[in-house]
Amino acid sequence: MISHSAKVAHKYEAPDYYMLDDLMTEEQLLIRQTVRDWLNQHAAPHINDWAQENHCPTHLIQGFGELGLFGPFVDEKYGGPGLDYMTYGIMMQEVERIDSGLRSMVSVQGSLVMYPIYAYGSEEQKMKYLPKLATGEWMGCFGLTEPNHGSNPGGMETYFTDEGDHYLLNGAKTWISNSPFSQIAVVWAKLRKPGEEKERIYGLIVERGMEGFSTPEIHNKWSLRASTTGELVFDNVKVPKENLLPGKSGLGAPLGCLDSARYGISWGAVGAAMDCYYTALNYAMERQQFGKPIAGFQLQQKKLAEMLTEITKGQLLAFRLGQLKNAGKATTAQVSMAKRNNVDMALKIAREARQVLGGMGITGDYPIMRHMMNLESVITYEGTHDIHLLITGMDVTGIQAFR
Ligand code: TGC
Ligand code: FAD
């Protein structure tokens, strides 16, 4: 049976109260429509079932690649579509309108796997990996978080040693999106040198099949159930020396990738909020109580009007950030503000929208509860709500309050 939400998705109209579409190019609008139509056909009718069944729809990967969703900013020379950051944001918004887990799959591949290879990789690494990642022939994951180091990745314990003709990698990463089915992992680890106390962080490309490398799945999630999450375990893994990313080292290297991914989330979360708002508006217009549509009651109008106001503010934030990204001017703190505000906004809208639907809001017939549960992860990953506030706090005061 096709759920109500799937049927509604086919006639979905995105709220655009301040007419931002007027500021987009024809190409951007065309790409958005193409992605929207494709997702309405291939994902919207099934996403509730996939989430209920805890199934990650990896069969969509080829289609995602054909749509150019993997690393849209990557140059054509390396198999990417060579699009701008605004278009990247627009795409992430369309994907997350369907489900944050699908956006996770896509944004990890683009911003956290292709980006570091693109920005810090050797020419040989770019030629070897990027074209396969752009089509989805190979999928990748990004290993930064560890069991004992989440918000504080600088404390990581995963390390490697130089064994002459190869490196030897030991340690473990956890909470890694896509890890159980990825062909490669971009792993951040410290180079341990005998006699040297200070260890420096480098990125290594670890390939499935390397002896001692395993990727157990994490089960029992109530959130992002259409996305696969796992661990990365390294038990004396021999990594060829040519798999080290030569272009950048130090904690700034992985954090630089996060800027790109957090930017995508600032757009994506608005997509989830727009879907919740759209669903609530339609329901309120149709649902009759006390002899009239509930949309006619002031209390419901307050909810809807405030949702649209907050969505519009979030859209404007993401749009301006896109302009700054395209101009190469977006700062880490600006990205943090947008990620933090828009995810929080989306989560609050999901809660309000759920109430508009009354009891029906808790069912899988509508997308709201799924978005709400997903957003509970999105508000934590890529830097928690607290960490992003502290980044803004540091930016405005010049004083870091992390430690
Ligand atoms: P701190 O001393 O501030 O910085 C260390 C070095 O890094 C530089 N830096 C950055 N460089 C580029 N981009 C950024 N965003 C940067 N932020 C900092 C900084 O200038 C410094 O450089 P240098 O040359 O002076 O050494 O570092 P800290 O240890 O105090 O930590 C700061 C803090 C807390 C903000 C940072 O650690 C942080 O952002 N923590 C949050 C961790 C996080 O976001 N993890 C995400 C893991 S990946 C993920 O969640 C994927 S979910 C995927 C999905 O499914 O979508
Ligand atoms: P902790 O760091 O232990 O934080 C716990 C609480 O303490 C939070 O509320 C936090 O805000 C607060 N806190 C921590 N430090 C401070 C401080 N200085 N001041 C005030 N409060 C503080 N990681 C990857 O590397 N790759 C991935 O692909 C990836 N995918 C993920 C997918 C999912 C579904 C999830 C849930 C997580 C994923 N992560 C991934 C990990 C994610 O980035 C971390 O969960 C996140 O950075 C927070 O780390 P933590 O869970 O260890 O929480």
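The values are calculated or read from the model by the stated rules, or taken from the named source; none is laboratory data. As the structure is a prediction and not an experimental result, all values here were calculated from the model. Using ideal geometry, Cβ is built from the backbone for each residue, glycine included, and neighbour counts are taken over all protein chains shown. The protein model used for the area step is the full one, side chains on, heavy atoms only, and it has no ligands, DNA or RNA in it. Shrake-Rupley method; radii C 1.70, N 1.55, O 1.52, S 1.80 Å.
Which percent of the accessible area of the chain is formed by carbon and sulfur heavy atoms (probe 1.4 angstrom)? Please list the in-between numbers first.
Details: 9090 of 17580 Å².
Solvent-exposed carbon and sulfur of the chain make up 52 percent of the total.
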Quiz prompt | Stretch in the chain that is longest and holds no chymotrypsin sites (Phe, Trp or Tyr not before Pro) that DSSP places in a loop and that have at most 15 other beta carbons within 10 Å | solution = 19-221
Exercise. Would you calculate the volume per residue, in Å³, of the smallest convex hull containing every Cα atom of the chain?
Key: 141 Å³
Quiz prompt | Sites excluded, GluC sites (Glu not before Pro) in DSSP loops with at most 16 other C-beta within 10 Å, longest stretch of the chain | solution = 212-403
Self-check item: Helical contribution to [θ] at 222 nm, DSSP H n ≥ 4, -39,500 (n - 2.57), averaged over the chain, rounded to 500
Solution: -15500 deg cm²/dmol
Practice problem: Would you mind checking the pairs Lys128/Lys325; Lys193/Lys238; Lys132/Lys339; Lys248/Lys313; Lys128/Lys248 and listing those with alpha carbons more than 25 angstrom apart? | Solution: Lys128/Lys325; Lys132/Lys339; Lys248/Lys313
Exercise. Positive end of the charge dipole of the chain (Lys, Arg +1 and Asp, Glu -1 on Cβ, about the Cα centre): tell me which of Leu255, Gly65, Ala318 has its Cα farthest that way.
Key: Ala318
Quiz prompt | Cα-based reach from Lys292 at 28 Å (exclusive), listing lysines while leaving out same-chain residues under 8 positions away | solution = Lys7, Lys11, Lys302, Lys303, Lys348
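Enter the accessible area per residue of the chain (Å², integer; probe 1.4 Å; all protein chains in place).
Per residue, the chain has an accessible area of 44 Å².
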Quiz item: Where in the stretch 306-330 is the amide nitrogen less than 20 Å from a point lying 7 Å along the Cα-to-Cβ axis of Val396?
Solution: 310, 313-318, 320-321, 330
Quiz item: Cα to Cα, under 13 Å, and not fewer than 8 places away if on the same chain: which aspartates and glutamates meet these conditions relative to Lys329?
Solution: Asp259
Quiz item: Which whole-angstrom value gives the distance between the alpha carbon centres of the stretch 86-103 and the stretch 128-152?
Solution: 18 Å
Quiz item: If you put +1 on each Lys and Arg Cβ and -1 on each Asp and Glu Cβ, how big is the dipole of the stretch 141-243 around its Cα centre, in Debye rounded to 20?
Solution: 340 debye
Quiz item: Once the whole set of protein chains is in place, how much accessible area is left on Ile61, using a 1.4 Å probe, in Å² to the nearest 10?
Solution: 20 Å²
Quiz item: With +1 on each Lys and Arg Cβ and -1 on each Asp and Glu Cβ, how big is the dipole of the chain about its Cα centre, in debye rounded to the nearest 20?
Solution: 860 debye
Quiz prompt | Projected label distance in nm at Leu23 and Met360, using a 7 Å step from Cα toward the beta-carbon | solution = 3.5 nm
